[in-house]
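In what follows, a structure is listed as structure tokens, so that the remarks can point back to it.
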Amino acid sequence: MSKKPPYKKFVSYNFDCGGENWDITDWSSEYVLIEETRKNGQEDCHLQAEFEVDKFGKWTLMYDDQKWEPYIVSYLGRSVVNDIINYLTEHGPPPTTE
């Protein structure tokens, strides 16, 4: 019987963009979920957003109701979202094991 190792390796990915630091908490080759690392004393994340590659191969901000912009846009502005999209376009998501 083998012993379990005393530690687990945890790898996280984050990046700086739009004056904020972002953790990538879920991703694939065409999808990224990010959360702001600055939580202002909150246990849960302060901001999060989902980005995906659209049918034209471009990264875009995801949201269900096209009538309402997500909180990240109203809180930080469209320019930060565009900065994140440009970052993803230039660097892509982290490596996956797909």
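The values are calculated or read from the model by the stated rules, or taken from the named source; none is laboratory data. It should be emphasised that the depicted structure is a prediction, and the values quoted were computed from it without experimental measurement. Quick reminder, even Gly has a Cβ in these numbers, built from the backbone with ideal geometry, and neighbours come from all protein chains shown.
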**OP:** Give just the number: which of (1) loosely packed, with under 13 Cβ neighbours inside 10 Å; (2) at pLDDT 90 or above; (3) in a helix (DSSP H, G or I) does K55 not satisfy?
**Re:** (3)
Subject >> Within segment 9-48, considering residues that are modelled with pLDDT under 90 and small (G, A, S), the one nearest to N86 (Cα to Cα) >> reply: G18
Original post:
Tell me, which residue of segment 74-98 that is without any contact (Cβ under 8 Å) to a residue 24 or more places away in the chain and in a helix (DSSP H, G or I) is surrounded by the fewest Cβ atoms within 10 Å (Cβ to Cβ)?
Top reply: E90
